[in-house]
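Written below as structure tokens is the structure these notes are about.
We did not get these values from a lab; they are worked out from the coordinates using the rules stated. This structure is a prediction, so every number in the text was calculated from the model and none was measured. A quick note on method: Cβ atoms are made from the backbone with ideal geometry, for glycine too, and the neighbour counts reach across all protein chains shown.
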Amino acid sequence: MKIVIVDYGMGNIKSISSTLIYLGVSDVILSSKYEELAQADKIILPGVGSFSQAMKQIVLNKIDLTLADLVMNKKKPLLGICLGMQLLGMSSTEDGFSKGLCFIDGVVTLFENPKLDLKIPHVGFNQVNPDANSLLYKNITGTPDFYFTHSYKMLSTASISASMCTYGEKFVASFEVDNIAGVQFHPELSQNNGLKLLQNFIDRF
Amino acid sequence: MLRKRIIFSLIYSQSFFTQSRNFRLQKVGNLQWLEKNYKFQDIAFSLDELVVIDASKGKKSISEFANMISQLVNDVFIPICAGGGIKSMSDAELLFKNGADKIIMNTSIYENAALVKELIQRYGSQSIVASVDYKRLNNKKEVYISDGTRKINLNLEEYLAYIESLNVGEIYLNSIDKDGTGFGYDFDSIREVSASLSKPLIIAGGAGNEKHLIEGLSIQGVSAVATANLFNFIGDGLPNARKTIIDSGQNIADWSKYY
Amino acid sequence: MSITNKIFWCKNCLNMSTRPRISFDEKGWCNACQWMEEKKTFDFSKRQEELKTLLEKYRSKNGSFDCIVPVSGGKDGSYVAYNLKHKYKMNPLAVTIRPALSLEIGDKNLLNFINSGYDHIHITPNPKVLNRLNKYGFIEKGFPYYGWLIAIHTAVIKTASSFGIPLLFYGEDGEIEYGGSTESKNKALYNIDYMRKVYLEGGHEKVYQRILLDKDIAENELAFFKFPEPNQIAENELSFTHWSYFEPWDSYRNYVTAKEHCGLIEKEEGHVDTFTNFSQNDQALYALHAYMMYLKFGFGRATQDAGIEIRRGAMTRDQALNLVKMYDNAYPHHLIDTYLAYYEMTRDEFDAVLDFYANKDLFEKVDGVWQPKFIPGEDYYI
């Protein structure tokens, strides 16, 4: 099993790669090159930082084109994590308005805080309501806790098999559309729940 | 519903993990000692997060520290927050590269607002935790930087307001008076400042047993409780504490259910 | 066929039933914990008055020293000296009996204490005589620094007599504060009989006579190790008291005061046999003393320190158990050569003494090292 983590200069690569290795993935590499991503069995799009900054890097390195081909055309399984999940959407208002990769229909905006009683960012473990059709949560029962750390969240009106979480409002904690999955939380920092979810991505996508 | 968190803080100084008492450090053991007596791979299930602080007095070696972090994070699947002595973008980069999920800064928050802004822009505000050390004198709360050695001109309330304006992710508030005493957090000060904060608040300094952790978690404005007490929580101390805390009804994730 | 005896631990702290002179109540609490509980509501005002009366009685009216405080440079003596001088405005003379094998940090702490502003006398009993007494104490009583234990009473008394200072303030009565005989609980003053019987465990005479059998040490070389005759005490009106009688004893508070006002520093690297680093830093023989205590009774330095932490509310009994299991069983490997050189003994002779004192009901030898047969905290039947 070869998993390639997309390298665009942003993302906590070490945590993700050591978790994948722990789960027994034999080949984990970091790359932004088309050739290497093309050889991957699965791709992970990580992300830490600002949406607009990330998109700049991605476009600069032509990663948007690479992923559009490999993921949308050639249907390679892709898991976006945290900012990586948000980048798969249509747009975000973080740092001004930025267009995303537009792989799925979802829009990213700041958490609503009308009564100013929410602490932003949303940091810590929170429960996710797994969608009935989800593959990511197979064998994870109940409303499992995962680690979130973000100020911006995704909403979607489309049918993307979204599993929701609530923080002031309901927002997309994860989605799955064919070969593309995205998780707002960090499975590599979510104890056993996260390990099981990553295993599901490895086994079922 | 967002859970509250139980955090363990490791106070590191020149290759050793230490027990801090009012910021006087006692060397306790190195990474091998820690692994033997704390078995982080096992007790990580009693924790929500790890904070590792380089509190070495004098010159800190960020490369040695980063190296230690990279060994510590193996097989530990919770967020790691690392820091102490971060003075530049490359310092921060090194820690992130070696496994830190967040960084914690103290002196630089006060002295280098430009660096803080740049870090937030590059890594996102949620990646930066501002650490604040303070002492209580009569009814005033005085803020100290540089591992508790230099007093600054702002009192705690003023300084916290400034930090919030920088838009860091979280605040780690540490009482120098209570540090290592095992007597419990400085609840008076915490209650005085927590209500007005808009950033998540982690409290530290003085926790000796689960009763203190429970009392801390019960305060509405507190998002997480941290302890750096290596001795009090050694062995089965943390798993037992977590079980008691959950049984008492606190909103903490129950990892035992998912083994 | 021996009578079944139960070894048990205090239900509140981890004091063992094997501790000499200790007593327990029906709750299973040792007398130290009972006293800790009592102290929470105890009215010390009467004792404070007693203290004031005592101080007024002896307060110097002509600038001479009016009280003696034995100190080692550590937290407890420093705390007492500090209070006598600055809070009660007495004129204390601090006295140190130089131990054998003093540690660098101990010397530094003593100097820091003195430099923070105290009149001080440093007494050095003849090291050769001290050595011999220590050695016999080690062999005959299992007390590695018995000579020094004698001298901190006898030589201090001699100093008090010589200077004409009638009032002596020792720190705490360990029997009351840490577990042991409660006979002195309600007495402000104690006497030489108590010292001989309790602190020196009745061994003074034995060791003293033993050393006289050595032809190379004359009786007049033991001047610092002799207790005064009863009539001599009456003459000088010597009053011995413990500070812990007059106010709640809190050794951590003492540490904080000593740190702040007397320049006390801690041992950065900590110790192998306990989790604290701020007490008992003055002499190398203490580690052996603690280890002997462990072999004789089943508890070591960590258990004692844990008891203090538990009683001051900084740790729970369960937490302490982990530390006791980690630290108590600490053969002082790193100091063996020092001890052998000091006592002029071979390794075999030294180990033979340890073997003699090890409580065979509690310990068994595994690969040449004594290992506990019991599990700390769990009732053990012998």
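Worth pointing out:
- Length-normalised contact order of the stretch B:5-258 in % [C-alpha pairs under 8 Å, at least 6 apart]: 19
- Restriction of the trypsin sites (Lys or Arg not before Pro) in the stretch B:17-68 to DSSP coil positions whose beta-carbon has at most 11 other beta-carbons within 10 angstrom yields B:K39, B:K59.
- 5 angstrom amide H check on C:Q283, placed H, neighbours 5+ away: C:L103
- Antiparallel content of DSSP bridges confined to the protein assembly as shown, in %, to 5: 45
- Taking the Cα atoms of the stretch B:5-258, the ratio Rg/Rh between the radius of gyration and the Kirkwood radius comes to 0.93.
- For the stretch C:168-246, the set of trypsin sites (Lys or Arg not before Pro) satisfying both a DSSP loop assignment and a count of at most 13 other C-beta atoms within 10 Å is given as C:K185, C:K187, C:K215.
- Rounded to the nearest whole Hz, the Karplus-based 3J(HN,Hα) values (6.51 cos²θ - 1.76 cosθ + 1.60, θ = phi - 60°) of the stretch C:201-209 follow the sequence 6, x, x, 4, 4, 4, 6, 4, 5, with x at glycine and proline.
- Per-residue Karplus couplings for the stretch B:87-92, computed as 6.51 cos²θ - 1.76 cosθ + 1.60 with θ equal to phi - 60°, are listed in order as 10, 8, 4, 5, 4, 4 Hz, Gly and Pro entered as x.
- Centre separation in Å (Cα based) which lies between the stretch A:124-171 and the stretch C:312-382: 55
- Averaging 1/r over every pair of different alpha carbons in the protein assembly as shown and inverting the result gives a Kirkwood radius of 30.1 Å.
- Remark: the protein assembly as shown carries a charge dipole of roughly 660 debye about the Cα centre, counting +1 on each Lys and Arg Cβ and -1 on each Asp and Glu Cβ.
- With 20 Å as the limit on Cα-Cα distance, the pairs of C:K57/C:K187; C:K40/C:K325; B:K102/B:K178; A:K196/B:K243 that go past it are C:K40/C:K325; B:K102/B:K178; A:K196/B:K243.
- The phi torsions of the stretch A:126-143, fed into the Karplus equation with coefficients 6.51, -1.76 and 1.60 and a -60° offset, translate into couplings of 9, 8, 10, 9, x, 5, 4, 8, 6, 9, 4, 9, 4, 6, 10, 8, x, 10 Hz, rounded to whole numbers, with Gly and Pro shown as x.
- Straight Cα distances below 19 angstrom link C:K75 to the lysines C:K85, C:K87, C:K108, C:K259, C:K267, with same-chain residues fewer than 8 positions distant left out.
- Spin-label model distance (nm) - C:H334 vs C:E38, 7 Å beyond Cα toward Cβ: 3.9
- Low-density loop cleavage sites - chymotrypsin sites (Phe, Trp or Tyr not before Pro) in the stretch A:56-152, where at most 14 other Cβ are within 10 Å (DSSP): A:F97
- Whole-angstrom gap from the stretch C:124-203 to the stretch C:57-84, using each part's C-alpha centre: 18
- Within a straight-line Cα-Cα reach of under 27 Å, A:K33 can be paired with the following lysines, leaving aside sequence neighbours fewer than 8 residues apart in one chain: A:K2, A:K14, A:K42, A:K56, A:K62, A:K74, A:K75, A:K76, A:K99, B:K97.
- Long-range HN-HN contacts of A:D7 with modeled amide H, under 5 Å: A:S31, A:S32
- Helical content of chain A, expressed as a calculated mean residue ellipticity at 222 nm, amounts to -6500 deg cm²/dmol (DSSP H runs of 4 or more residues, -39,500 (n - 2.57) each, divided by residue number, nearest 500).
- Taking every DSSP beta bridge that has both ends in the stretch B:5-258, the antiparallel portion is near 35%.
- Alpha-carbon centroids, the stretch B:134-172 and the stretch B:12-33: separation in whole Å: 24
- Summing Lys and Arg as +1 and Asp and Glu as -1 over all other residues whose Cβ lies under 14 Å from the Cβ of C:P332 gives a net charge of -2.
- Looking at chain C alone, DSSP beta bridges between its own residues are antiparallel in about 45 percent of cases.
- Compactness check for the stretch C:110-232: Cα Rg over 2.2 N^0.38 Å is 1.13.
- A convex hull fitted to the Cα coordinates of the stretch A:56-190 yields 113 cubic angstrom per residue.
- Built amide H within the under 5 Å cut-off of B:S56, gap 5+: B:Q14
- Column: log10 I(q)/I(0), Debye, Cα scatterers of the stretch C:292-362, q = 0.13, 0.21, 0.27 Å⁻¹: -0.49, -0.91, -1.15
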